[in-house]
Amino acid sequence: MDRGVEEPLDLIRLCLDEVVTVKLRGERVLTGKLHAYDQHLNLLLGDVTEVLTTTEIDEETFDELVEKTERKMPMLYVRGDGVILVAPPSS
């Protein structure tokens with residue numbers, strides 16, 4: 001069986017058991033080990049770090065205030081309709 005890339009989801013298959021970065025709706029970014037996925041891009045990630053970025057405008061100075069909140073989880077199921085991008089591990 002040829003393990004090359006014929007369809008877009010083949011790229012995800014090549015990332016199984018690798019650390020991937022997943023960008024989600026709502027300014028969320030996940031980094032974790034990809035354990036499983038399906039045709040809907042539902043993902044099962046392990047050893048996950050989530051970074052949530054919030055931006056507010058200071059009403060007095062009109063400065064942009066950016067706050068990043070980070071949390072870690074041992075395992076996470078990600079519903080595919082919230083996924084914007086899946087990035088393979090950087091070499």
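The values are calculated or read from the model by the stated rules, or taken from the named source; none is laboratory data. Values in this document were obtained by computation on a predicted structure and should not be read as measured data. All Cβ positions, even for glycine, are placed from backbone atoms using ideal geometry, and neighbour counts span all protein chains on display. Ligands, DNA and RNA are excluded from the accessible area calculation, which covers all protein heavy atoms including side chains. Shrake-Rupley method; radii C 1.70, N 1.55, O 1.52, S 1.80 Å.
Within region 13-23, the residues that satisfy the criterion of being open to solvent by 20 Å² or more (accessible area, probe 1.4 Å) and under 17 Å from residue 47 (Cα atoms) are 16, 17, 18, 19, 21, 23. Restricted to region 27-91, the set of strands (runs of 3 or more DSSP E) holding at least 1 residues that are open to solvent by 90 Å² or more (accessible area, probe 1.4 Å) comprises 43-57, 64-78, 83-87.
Remark: residue 78 matches the filter, which requires a residue to be of a type in the set (A, V, I, L, M), free of Cβ contacts under 8 Å to residues at least 60 places away in the same chain and closer than 22 Å to residue 7 by Cα.
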